[in-house]
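A quick write-up on the structure given underneath.
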Amino acid sequence: MIGHAGRLAVDPLGFLEQQRAVGAVVRLRLVGRDCFLINSAEAATQVLVAQQDRFDKGGPFMEAARQLVGNGVITCGAEDHRVQRAEMQPAFSRGRVAAYSEVMRACAEEATASWKAGRPVDVGKEMYRLAALAVARTLVSAPAGRQAASVMAEALPQLLRGLLRRMLIPAAWVHRVPTPANQRFDAARARLDAAIAEVVAQYRRQERDRPDLLSRIMAGEEGGGRRPDDAEVRDQVMSVLAAGVETTASLLAWSFQLLARHPEVRNRLWEEVDGALGRRPVTFDDLPALPFTKRLLTEVLRLYPPTWLLSRVAVRDAEICGHPLPKGADVLISPYALQRDPDVFPHPGRLDPDRWLPERLTTAQRRSFLAFGAGRRRCMGEFYGMTETTLALATIARSWHLRPTRPEPARPVPRFLLVPARQPLVPHRRGDRR
Ligand code: HEM
């Protein structure tokens, strides 16, 4: 009855990688639903870009996500998306991100202010705190925004585990049974809902006082005068927190886990950061002088894309690489599996930032790199996220050197997003080589 769901639940990453050899499009059976897994960059480009009018947000992954973020910009259908994206896009422009950059850098300094040399830190948690602070200060700046980000930090692991179960077992009744796991999920969601309701209420009370994304949306400035109701605003706050915090936190946590085990890569990062900055703090204008840092972050995203699975539903009959996909079919695309295709990325498990050097970059690599998605639904926060993580990496690398506590590398944990298993690292002051 459960079809492939069992194997997908037990070892999703291994299962998806195995399927790559089966064909460009593979039909899976997930608890009574047919689902098509897309296994080649060409087929993924067809779904996400060339034939994007035939595919909308949907499928088990999105249905699960809607239980958390409702009908916000990440999950909404094509019709609502046009309006919602236009409302939010200006907040992610180059100029706006440049204006946020000083706050982003300050967040990295603040997040590491309590580190003590030699005392292990839970780097996943620390990076989450940094990312939550940055989004709360730049995009959702009401005092309750920070509170909502910290409630989300506490509730998210529970919610993400629950969403993964809902995605793999897409049968609503299973999740209504009052099991301890379902009760924990419902309680975590209720806590988060209450925190977000307070954000919305604060914005309603003083919406004109803040120059950030949500006050503008609420005041109707970005949407040509359209003022969304509380439910729409709630979904948008939830979407920005869900899209903008765990993704960058995961990217930074993976970066430090990998740097701790690759001294040759870490030395090149130090060389670049020290050469570009000397003793002064990093600014937005330094970004062009940090190309290795950018390649490193891109390579980390290739190895461990936080959004390891994308999902769509066919809204019209389609044909992808010779395979008919009927209207209503669920479609899954795994950036994780495509970005580890050895035909496109030789030695795919190796951390090699230089594979992104312009002279080594191939069209196949570019097409297979789907960490930010593609087409109309491509990540809106890509520039924001890359700026935040570059500034954070440069700020932390100037002062700190993080060493592993265990011999084995951190294991990837595919929750709703892909995160490293908890593994503390030990910070040491740069220059202190003990
Ligand atoms: C390393 C960091 C990030 C990664 C890897 C990432 C990845 C993605 C991916 C893969 C999608 C497309 C999902 C799909 O097609 O189903 C997406 C969408 C989105 N992301 Fe990001 N993201 C990151 C950072 C951010 C940040 C920092 C923000 C905002 C603060 C953000 C906001 C969004 C939004 C609003 C969408 C929905 C776009 C739409 O449907 O039009 N992301 N992201």
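Listed values, structure above:
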| quantity | calculated |
| --- | --- |
| Lys, Arg +1 and Asp, Glu -1 on Cβ, resulting dipole of the chain about Cα centre, debye, nearest 20 | 880 |
| Sorted by Cβ neighbour density within 10 Å, fewest at the top, the residues His323, His347, His401 | His347, His323, His401 |
| Computed Rg/Rh of region 1-123, alpha carbon atoms with Kirkwood Rh | 1.10 |
| 5 angstrom amide H check on Asp34, placed H, neighbours 5+ away | none |
| Cβ charges +1 (Lys, Arg) and -1 (Asp, Glu), total dipole of region 212-346, debye | 240 |
| Three-way shape label, region 321-434, alpha-carbon gyration tensor, a/c 1.5 | prolate |
| Tensor-based shape of region 19-77 (alpha-carbon gyration tensor, a/c under 1.5 rounded, otherwise prolate or oblate) | oblate |
| Neighbour-count order for Val282, Val174, fewest beta carbons within 10 angstrom listed first | Val174, Val282 |
| Selection from Gly72, Ala21, Ala113 lying farthest towards where the dipole of region 9-163 points positive, charges on Cβ | Ala113 |
| Neighbour-count ranking [beta-carbon atoms within 10 angstrom, fewest first] of Met152, Met238 | Met238, Met152 |
| Against the rule of thumb 2.2 N^0.38 Å, how large the Cα Rg of region 5-429 comes out | 0.96 |
| Anisotropy class of region 100-239 from Cα gyration tensor, a/c 1.5 cut | oblate |
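Bear in mind that the values in this text are calculations on the coordinates, not laboratory data. Just so we're clear, the structure is a prediction, and the values are computed from it rather than from any experiment. Positions of Cβ are generated from backbone atoms using ideal geometry, with glycine treated the same way; all protein chains shown enter the neighbour counts.
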